[in-house]
Structures are given as C-alpha cells and as structure tokens.
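*Asks:* My questions all concern the structure below.
The values are calculated or read from the model by the stated rules, or taken from the named source; none is laboratory data. Worth saying up front: this structure is predicted, and the values here are computed from it rather than measured. Cβ placement follows ideal geometry from the backbone for every residue including glycine, while neighbour counts extend to all protein chains displayed. Please note that ligands, DNA and RNA were not included when accessible areas were found on the heavy atoms of the full protein model with its side chains. Shrake-Rupley method; radii C 1.70, N 1.55, O 1.52, S 1.80 Å.
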Amino acid sequence: MIGGRLGLMIDPNLLANLAAGRQIALVSGTKRQTTTTRLTAAAMGVLGDVATNSLGANMPTGHTSALARAGSTEYAVLEVDEHYLPEVLASTQPKVVALLNLSRDQLDRAKEVAMIADLWRRTLAQHPVHVVANADDPMITWAAAGATGAGAGCHVGRRRPTVARRLVGVPGVWVAHRARRRRRWAHPR
C-alpha cells in the first residue's frame, strides 16, 4: 500500500488514471467482501487477466497499488471499504457494484449503519452503474434503490426462494421478495 500512498501524494488522480480503460467491478460491505472479491476475480479470470486487491487492501491506496502492480489488464475486481465506496466509485467508474451487507458490529470504527446506507444511496443516485444487491439486508435494498441514474440498473437477490417485483416509482430497479408458500402441517397423533 505504501506505493499507492506515495503515488497518490504525487498525483491525486492516479487511481482514476490507472482505472481508465478497464472494466471494473467493486465489492463492498462489512462482512465477506474479501471472499466475494476473490471468487469474482477467479470467475472473471476465464476472460483474461484480472487486477484485484483480493488480500484486503480495500482503501484507495490499496486500489492504486493493485492496479499499478497488475499492469495493463482489461478487467479489475476491487474490494472497497464501506466508507470509501463513493470516492472509489467516482474515481474508477465501474461497470458494476456489489453491495453485500451492512452490520453494526464495527461501530468502534464505523459510522452508524443508516448513515452508510444513506451515503451509498446518494452516491448511487449520482453515478450510472449497475448494482447487485443482497435483498436479505433491508439497508442494502434501500441503498440500492438509489441506482436510478441514466444507464443504471439494480439486481437484488436473496438466498431464499424469491419472486422479482418492480420497485414502484424507481425505474430499472427490481427487488426480490420471498415467495409465499402454503405449508401443510400434519396433525400430531
């Protein structure tokens, strides 16, 4: 990360310059973002070389170092600390952003979860980016609904069986809801 820090001190636009011409995916959340980043980078590896910071250097200095170290790759998958998502999104102009979760277990170093969700929602409203969001987390679903810029879209999924339904009044945003099933219970004898 020291190389990225020095590089950004010399050229504050270095991250944007290194990101130019790449197809980038950002992964953010409070838990499991390193694993998701590694899996995504491995899956995209069939397309060609992928720049990634899969070891967890998830702030702009780490992103700058990862992109510089990778050389000229067409693809990049970057894990992003939840506080830095707006800054990194503006600098890298990604094709897709994956929003995993927001949990209160890191309040010793983090803002209130609702403040982060609001920050993400306002950021997504300003940038045309596709969002893949975890609908099992209500804060993520709410933040993802901000992805309404031109060319933006939102794909929200759950681990449970779901039915997709358009979010009223928000173009391009689909939210997955739990499918309702009737259960028959056997009477105990």
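*Asks:* So in the stretch 104-130, with the set limited to residues that are over 17 Å from the mean Cα position of the chain (by Cα) and open to solvent by 80 Å² or more (accessible area, probe 1.4 Å), which one is modelled with the highest pLDDT?
*Replies:* Among them, the one singled out is R104.
*Asks:* Output the residues belonging to the stretch 88-99 that are touching a strand residue (DSSP E or B) at 6+ places or on another chain (Cβ under 9 Å) and either without any contact (Cβ under 8 Å) to a residue 24 or more places away in the chain or surrounded by fewer than 21 Cβ atoms within 10 Å (Cβ to Cβ) (or both). First the steps, then the outcome.
*Replies:* Within the stretch 88-99, the first condition is being touching a strand residue (DSSP E or B) at 6+ places or on another chain (Cβ under 9 Å), and the residues that meet it are 88-89, 92-99.
Residues satisfying the conditions are Q93, K95, V96.
*Asks:* Where residues in the stretch 26-83 are open to solvent by 40 Å² or more (accessible area, probe 1.4 Å), in contact (Cβ under 8 Å) with a residue 40 or more places away in the chain and touching a Ser or Thr at 6+ places or on another chain (Cβ under 9 Å), which of them is farthest from A117 (Cα to Cα)?
*Replies:* T40
*Asks:* Please count how many residues of the stretch 132-162 are modelled with pLDDT under 85, under 15 Å from P94 (Cβ atoms), among the small types (G, A, S) and part of a strand (DSSP E or B).
*Replies:* Total satisfying the criteria: 1.
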